[in-house]
Amino acid sequence: MNKHGVEALVLGSTVKEEDKAGLPIRSMGYFRDEHSLALLYSAADVLVVPSLAESFGQVIVEAFACGTLAVGFNVGGIPDLIKHLQTGYLADYKDSASLSSGIEWALVHGNDADLKNNLQEFVRQNISYNAIARQHVETLKRCISDLSE
């Protein structure tokens with residue numbers, strides 16, 4: 001770790017380049033079991049998703065379920081999940097300074113109990129099995145109603 005106590009963990013791939021930001025980087029590779037992945041998300045202070053294109057941020061949902069804030073660019077499906085300053089930080093698209101500000105914000109606010117509750121409540125209300133089933137039932141009801149008209 002550096003003097004600030006910050007270390008970057010990279011999931012899913014091997015880090016091949018030396019860090020250019022002055023942070024230690026540790027490649028965590030791939031996780032095959034949910035328990036280990038949940039432990040890692042729970043131990044993290046922030047999830048950074050620097051994707052420039054993202055249809056649905058599964059890793060964001062997983063982090064939220066573990067009470068970890070996320071920072072990502074305002075692109076694709078990311079803003080459907082990250083509600084700015086409520087469940088994380090939406091950085092301006094392709095703006096590294098904005099992304100950096102988001103990381104700093106998340107590190108300062110990552111232990112806020114209300115924010116952690118927001119994350120888990122967001123998952124329960126919008127992404128849980130029950131929430132998805134409820135959305136499917138409502139869609140089917142609308143389709144049946146439209147057919148009967």
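Just from its helices, what would the mean residue ellipticity at 222 nm be for the chain, if runs of 4 or more DSSP H residues each count -39500 (n - 2.57) and the sum is divided by every residue, rounded to the nearest 500 deg cm²/dmol? Provide the component values of the computation, followed by the final result.
Values: 6 runs with 70 residues, N = 149.
So the calculated ellipticity at 222 nm is -14500 deg cm²/dmol.
Can you list the residues, at least 5 places off or on another chain, whose amide H is less than 5 Å from the amide H of L9, using H built in the peptide plane?
R26
Give the accessible area for D80 in Å² (nearest 10); use a 1.4 Å probe, count only protein heavy atoms, and leave out ligands, DNA and RNA.
Taking all protein chains as shown, D80 has close to 100 Å².
What ranking do 111-121, 28-38 get when scored by the average of other Cβ atoms within 10 Å per residue, highest first? Display every interim value, and only then the final one.
Working: 111-121: 14.0, 28-38: 11.5.
Going from most to least packed, we get 111-121, 28-38.
Could you pull out every residue, at least 5 positions away or on a different chain, whose amide H is within less than 5 Å of the one on L85? Hs are placed 1.01 Å off N in the peptide plane, and Pro or chain starts have none.
Close amide H contacts, sequence-distant or interchain: L90.
Quick one: compute the contact order of the chain, relative version, from alpha carbon pairs under 8 angstrom and 6+ residues apart, as a percent.
Values: 208 pairs, mean separation 23.6, N = 149.
The value is 16 percent.
Could you look at the chain and say what percent of its accessible area is carbon and sulfur, using a 1.4 Å probe and all protein chains? Could the numbers behind the result be given before it?
Numbers: 5220 of 9780 Å².
Here it works out to 53 percent.
Can you sort I78, I144, I25 by solvent-accessible area, 1.4 Å probe, largest first?
Details: I78 0, I144 115, I25 70 Å².
The ordering from most to least exposed comes out as I144, I25, I78.
Order of 85-97, 65-77, 47-59, 126-138 by packing, highest average Cβ count within 10 Å first?
Details: 85-97: 17.4, 65-77: 21.3, 47-59: 15.8, 126-138: 11.7.
In decreasing order of mean packing, 85-97, 65-77, 47-59, 126-138 become 65-77, 85-97, 47-59, 126-138.
Tell me, what HN-Hα J-couplings in whole Hz come from the Karplus equation 6.51 cos²θ - 1.76 cosθ + 1.60 at θ = phi - 60° for each residue of the range 28-42, using x for Gly and Pro?
Result, ordered by residue: 9, x, 9, 10, 9, 10, 5, 4, 5, 5, 5, 5, 5, 4, 5 Hz.
The values are calculated or read from the model by the stated rules, or taken from the named source; none is laboratory data. What you are looking at is a predicted structure, and each value in this text was computed from that prediction instead of being measured. Here Cβ is always computed from backbone atoms with ideal geometry, including for glycine, and neighbour counts include all displayed protein chains. Accessible surface areas use protein heavy atoms only, side chains included; no ligands, DNA or RNA. Shrake-Rupley method; radii C 1.70, N 1.55, O 1.52, S 1.80 Å.
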